[in-house]
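The values are calculated or read from the model by the stated rules, or taken from the named source; none is laboratory data. The shown structure was predicted, so the numbers you read here are calculated from the model rather than taken from an experiment. Every residue, glycine among them, receives a Cβ derived from its backbone with ideal geometry; neighbour counts consider all protein chains shown. Surface areas here come from the heavy atoms of the whole protein model, side chains and all, with no ligands, DNA or RNA. Shrake-Rupley method; radii C 1.70, N 1.55, O 1.52, S 1.80 Å.
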Amino acid sequence: MDFTLKIWRQKDAGSKGSFNTYSVKDISSDMSFLEMLDELNEDLIKDGESPVHFDHDCREGICGTCSMYINGRAHGPQKAITTCQLHMRSFKDGDTITIEPWRAKPFPVIRDLVVDRSAFDRIIQAGGYVSVSTGGVPDANEIPIPTSIANEAMDAASCIGCGACVAACKNASAMLFVSAKVSHLALLPQGKVEATSRAENMIAQMDKEGFGLCTNTGACSAECPKEISLTHIARMNREYFNAKQTSNNIPDKEEVHEG
Amino acid sequence: MILDSKSPHGPLEEKWSKHIFDAKLVNPANKRKFDVIVVGTGLAGASAAASLAELGYNVKAFCFQDSPRRAHSIAAQGGINAAKNYQNDGDSVFRLFYDTIKGGDYRSRESNVYRLAEVSLNIIDQCVAQGVPFAREYGGLLANRSFGGAQVSRTFYARGQTGQQLLLGAYSALSRQVTNGKVQMFPRTEMLDLVMVDGHARGIITRNLITGKIESHSAHAVLLCTGGYGNVFYLSTNAMGCNTTAAWRAHKHGAFFANPCFTQIHPTCIPVSGDHQSKLTLMSESLRNDGRVWVPKEKGDKRSPKDIPEAERDYFLERRYPSFGNLVPRDVASRNAKYVCDEGRGVGATGLAVYLDFKDAIKRDGKDTIESKYGNLFDMYKQITGENPYETPMRIYPAVHYTMGGLWVDYNLMTTIPGLYSLGECNFSDHGANRLGASALMQGLADGYFVIPYAIGDYLATRSYDKIPTDHPSFKQSEERVRDQISKLLSINGSSTVDQIHRELGKVMWDYCGMSRTAEGLQQARGKIKEIKERFWSDVKVLGTNEELNMSLEKAGRVADFIELGALMIEDALNRKESCGGHFREEYQTEEGEALRDDENHTYVAAWEYQGDESNETLHKEQLEFENVKLTQRSYK
């Protein structure tokens, strides 16, 4: 198969970017999309041209590193997969494929298709955890959890933090990502204790990072490689309203943390 | 030099508690005077960084990924073992210990393995408390499954994403300590050298992968939690970024490398589809609980699997191993798949695959049950191959998956360099010559949550609080060495890309030091690797500069280290004149083609000491003493 690739090239965060056009030939339909880009890069290097930089690591759809906007869709045309799981048999011979980085202000471009998603880490640091230290915890079977609750928590916890939800959203909202963590922990008895402050603090950090508001378009969930449901956004909203109704509005930061 | 494992004396079940009591303590108020560097943020690194920070140490944690949440522990599918005996089926700490020692083909250290089995209990408690959503029974209690040939159900799991959930748990604990100011996190940062002062590990040199800035970090102890070296084979189930650079560069400073030839080939991976292949994908071993492995009885039978009648199929694992059947350990399953393919009975376009068939399981349990157990794995298979495993059998073939070898460590997880520790897959200690399924996650978290917090105090309590400034000559020399290597890589400007050379290395390693090895082949490989090394340093082409995000440059440094490690693996495989676990030397096998150990001469850990670029490494032996289990021929008949 032969393809024409229009790829976003940008030297670094401070430079202006633009699309470059490349052609690749004799591509096997069994190749993954990233293997096709590997081939392009091998050719570019041999010609003395800088290879296209893109983030990738596990190449089996779980680490959440790969992040490409392909033909106007996060992770490309297939549903419920990451870019690394996309194979060339999903395209037609002769296709022109447009490849861009995630486009969102809180995800600045580092180089070519590589963006900075550290905002997600800072949101988790704001409260995406249960405050237990190592040791001294109860036996794992001490608190039974209904399978329906455990399953719903697992659905939420499946989020891989790739950022497709933000890239797909016209408002660059991070509500699906944040709600997945809030919902996962709020559902479980272990996470319930801090559910109120968690929802407040994570949402405050999300706003601070400059993510947009949610207008219930649902593009995030439609493009999510792990099919995280909008239900989690609804649950987060409930947690947040409850929190605000009952909160003494003391930011968590001022509470005393023991290391 | 005599390798002292520092294993405590006394009865097996008292060793760890006695050791904890005997270990020196650092007063809580003094812990904040010590800085600890943690390299790698997978299960071992993230859990160690979080736990040490909770105790009060100042931690600096480093990872090459853009976030600590992406370390390759995340890809582990099947589960995590723990001797909880929740299923009332006869499990115990001793049984988990015994299975691990036996599964490792009697090449691991009893004291370490027993401790691993002991703390396995705490790990599950800890993870549940963090909110890890393990699978549960209808009554709300935790579910277990039998995994990888274990005769008891001791594996805890979170669908097919156990590694992900455990890593996100450790990552959340780490994130909490970042907020508390006790961990300083450095993502997209790669360790390129270890810094030694007065014979102790006192810091590291890193490269900021975005700006290229070379930086020095000083501390009182350094923990390497950098995973395994499976990518020496180019094709493996490891993530693309997995590398040996931190461990290898520490090795060059005097950390012995133990049993490098012990690599695990996982039997159930999706076969290679062509030369473009960049990595291999594992299909969880749990599939062997319900799938049946077979090939046609006749050579070169190219019929579609559904056209091959039962009588013309060879369920070779069930035939050869009636009591374990499809659930034999990984090394046995892999080797047998290789045998039938070597006989010309392999399936698929390349002939390098065997079938894993769910037809009978679907008939027995219904499609819905199979889907609920393995749905995500079946989807992944379909995505990659374009075939539907509900209708046609999966094709699988063994692939490099895990490395049991690693930096030599004593009972305290300290390497032969004082102050330098190695945790998780990066060390050699617990899995002997073959790792059991669902035990990697257990070991990573055991080391990080429950071993290092005690072990490190014993060392730091003897050290002064003084900090070494980063303008100390040792730091400056190491920085210089790192800069020189980078300049050299950028200046060669030859004609081979880094990936090209890496592929060649991988092919040599797979052909001669893979599933089966011979003295003759290994000697040939020795010469081939020498040639690859020469070509790398004279002909590699790395474009761009240091002062930018430069992924070719990152890879080049890692491949340079893989080449040297590959050479050592060959020497280790030549030295070990026996077959055990994942190391199969064709010269040493039973009449039935099973691995033949030589306990009299090889019941030792081979720990290699670096002697400079031009010289051969020196072998040191740690004799393994077995006081609690009797060495037997593994039999899975």
> What span do the alpha-carbon atoms of the protein assembly as shown cover on each of the three principal axes, reported in whole Å from largest to smallest?
Replying inline: 74, 67, 65
>> Tell me the accessible surface of B:M414 in square angstrom (1.4 angstrom probe, heavy atoms of protein chains only), to the nearest ten.
In response: 30
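For the protein assembly as shown, with only Lys/Arg (+1) and Asp/Glu (-1) charged at the beta-carbon, what is the dipole magnitude about the Cα centre, in debye rounded to 20? Each step should come with its number before you reach the end.
On the way: 102 positive and 115 negative charges, 292 e Å.
So the dipole magnitude of the protein assembly as shown works out to roughly 1400 debye.
Taking 8 Å as the Cα distance limit and 6 or more residues as the minimum spacing, I'd like the relative contact order of the range A:3-111 as a percentage. Provide the component values of the computation, followed by the final result.
Details: 170 pairs, mean separation 37.3, N = 109.
Computed over the range A:3-111, the figure is 34 percent.
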>> Buried by at least 40 Å² relative to the chain on its own: which residues of the range B:41-72 qualify, computing accessible area with a 1.4 Å probe on protein heavy atoms?
In response: B:E54, B:D66, B:R69, B:R70
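Taking all protein chains as present, what is the carbon and sulfur share of the accessible area of the range B:1-156, in % to the nearest whole number, probe 1.4 Å? Intermediate values should be presented prior to the final figure.
Numbers: 2700 of 5070 Å².
Answer for the range B:1-156: carbon and sulfur cover 53 percent of the accessible area.
Roughly what % antiparallel, to the nearest 5, for the DSSP beta bridges in the protein assembly as shown? Mind dumping the intermediate values first?
Numbers: 58 of 82 bridges.
Percentage antiparallel, nearest 5: 70.
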>> For B:K367, give me every one of the lysines with a C-alpha distance below 27 angstrom, ignoring sequence neighbours fewer than eight places off in its own chain.
In response: A:K79, A:K226, B:K306, B:K359, B:K382
>> As a test of understanding, state the convex hull volume per residue of the range B:265-401 from its alpha carbons, in Å³.
In response: 107
>> If I model the range A:27-153 as equal point scatterers sitting on the Cα atoms and use the Debye formula, what is log10 I(q)/I(0) at q = 0.13, 0.14, 0.18 Å⁻¹?
In response: -0.71, -0.78, -1.05
> Hey, can you list the residues from the range A:56-97 whose accessible area shrinks by 30 Å² or more with all protein chains present, relative to the chain by itself (probe 1.4 Å, no ligands or nucleic acids)?
Replying inline: A:D57, A:C58, A:R59, A:E60, A:I62, A:C63, A:Q85, A:H87, A:R89
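Antiparallel as a % of all DSSP beta bridges within the range A:3-111, to the nearest 5? Please list the in-between numbers first.
Working: 12 of 16 bridges.
So the antiparallel bridges amount to about 75 percent of the total.
Determine the equivalent ellipsoid of the range B:364-496 by diagonalising the alpha-carbon gyration tensor, then write out the semi-axes as square roots of 5 times the eigenvalues, largest first, rounded to whole Å. Could you put the intermediate results ahead of the total?
Details: eigenvalues 386, 144, 34 Å².
For the range B:364-496, the ellipsoid semi-axes come out as 44, 27, 13 Å.
So, with +1 on the Cβ of K and R and -1 on the Cβ of D and E, and no other charges, what is the size of the charge dipole of chain B about its Cα centre, to the nearest 20 debye? Don't skip to the answer; put the middle values down first.
Working: 76 positive and 80 negative charges, 238 e Å.
In debye, rounded to 20, chain B gives about 1140.
Roughly speaking, what is the stretch gain from B:K302 to B:L596, that is 0.36 nm per residue apart minus the C-alpha to C-alpha distance, in nm to one decimal?
Details: separation 294, 0.36 × 294 = 105.84 nm, distance 3.48 nm.
Length difference between fully extended and current span is 102.4 nm.
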> Where does the range A:118-254 land on Rg(C-alpha)/(2.2 N^0.38 Å)?
Replying inline: 1.04
> Name the GluC sites (Glu not before Pro) in the range B:370-417 that are in a loop by DSSP and that have at most 16 other C-beta atoms within 10 Å, would you?
Replying inline: B:E387, B:E391
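At most 13 other Cβ atoms within 10 Å and a DSSP loop assignment: could you name the GluC sites (Glu not before Pro) in the range A:100-203 that fit?
Details: sites: A:E142, A:E152, A:E194, A:E200; in loops: A:E142, A:E194.
Those satisfying the criteria are A:E142.
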> In units of 2.2 N^0.38 Å, what is the alpha-carbon radius of gyration of the range A:80-154?
Replying inline: 1.83
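Taking the Kirkwood radius as the inverse of the mean 1/r across Cα pairs, report the Rg/Rh of chain B. Walk me through the numbers on the way to the answer.
Working: Rg = 23.7 Å, Rh = 24.9 Å.
Ratio of gyration radius to Kirkwood radius: 0.95.
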>> Return the Rg/Rh ratio of the range B:57-106 with Cα-based radii and a Kirkwood Rh.
In response: 1.18
>> Charges on Cβ only, +1 for Lys and Arg, -1 for Asp and Glu, centred on the Cα centroid of the protein assembly as shown; of A:M68, B:L327, B:M551, which one is farthest towards the dipole's positive end?
In response: A:M68
>> What distance in nm separates the two pseudo spin-label positions at A:E142 and B:E387, each 7 Å out from Cα along the beta-carbon direction?
In response: 4.9
> Which angle from 0 to 90°, rounded to the nearest 10, does the C-alpha axis of helix B:330-342 make with the longest principal axis of chain B?
Replying inline: 50
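Would you mind giving the mean number of other chain beta-carbons within 10 Å of the Cβ of each residue in B:170-178, as a whole number?
That works out to 6 on average.
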> Roughly what would the spin-label model give for A:K244 and B:E609, points 7 Å off Cα along C-beta, in nm?
Replying inline: 6.8
>> How large is the direction-averaged shadow of the alpha-carbon convex hull of the range B:412-475, in nm²?
In response: 5.8
>> Suppose we keep just the alpha-carbon trace of chain A; what are its Rg and Dmax in angstrom?
In response: 20.7, 64
> Mind listing which trypsin sites (Lys or Arg not before Pro) in the range A:114-196 are in a DSSP loop and have 13 or fewer other Cβ atoms within 10 Å?
Replying inline: A:K170
>> With only alpha-carbon pairs counted, each pair once and no self-pairs, how large is the Kirkwood hydrodynamic radius of the range B:84-240 in angstroms?
In response: 19.3
> Considering only DSSP beta bridges whose two residues both sit in chain A, what percent are antiparallel, to the nearest 5?
Replying inline: 75
> Percent relative contact order of the range A:118-254, based on C-alpha pairs within less than 8 angstrom and at least six residues apart?
Replying inline: 33
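Could you grab the relative contact order for chain A? Cα pairs under 8 Å, six or more apart, rounded to a whole percent.
Values: 434 pairs, mean separation 48.4, N = 259.
Reported as a whole number, the value is 19 percent.
When every alpha-carbon pair in the range B:1-115 is counted, what percent end up more than 24 Å apart? Please report the intermediate quantities before stating the final value.
Working: 3357 of 6555 pairs.
It works out to 51 percent of all Cα pairs.
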> Does anyone have the angle between helix A:147-157 and the longest principal axis of chain A? Alpha-carbon axes, 0 to 90°, nearest 10?
Replying inline: 50
>> If you split all Cα-Cα distances of the range B:473-599 into 5 Å bins from zero, what percentages do you get per bin, shortest first?
In response: 2, 10, 18, 16, 14, 12, 10, 8, 6, 3, 1, 0
> What angle do you read, to the nearest 10 degrees and between 0 and 90, between the alpha-carbon axis of helix B:93-103 and the longest principal axis of chain B?
Replying inline: 80
> Points 7 angstrom from Cα along the Cβ direction at B:N616 and A:T215: gap in nanometres?
Replying inline: 7.3
> What whole-number value in Å² describes the accessible area per residue of the protein assembly as shown for a 1.4 Å probe?
Replying inline: 35
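With a Förster radius of 51 Å, plug the Cβ-Cβ distance of B:Q151 and B:N208 into 1/(1 + (r/R0)^6) and report the FRET value to the nearest 0.05. Could you put the intermediate results ahead of the total?
Details: r = 50 Å, r/R0 = 0.98.
In this case the efficiency is close to 0.55.
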> Taking only the alpha carbons of the range B:365-416, what extent do you get along each of the three principal axes, in Å, biggest first?
Replying inline: 53, 22, 16
> For the range B:265-401, what % of the accessible area comes from carbon and sulfur atoms, probe 1.4 Å?
Replying inline: 50
> Of B:M442, B:M414, B:G140, which is farthest along the charge dipole of chain B in the positive direction, counting Lys and Arg as +1 and Asp and Glu as -1 at C-beta?
Replying inline: B:G140
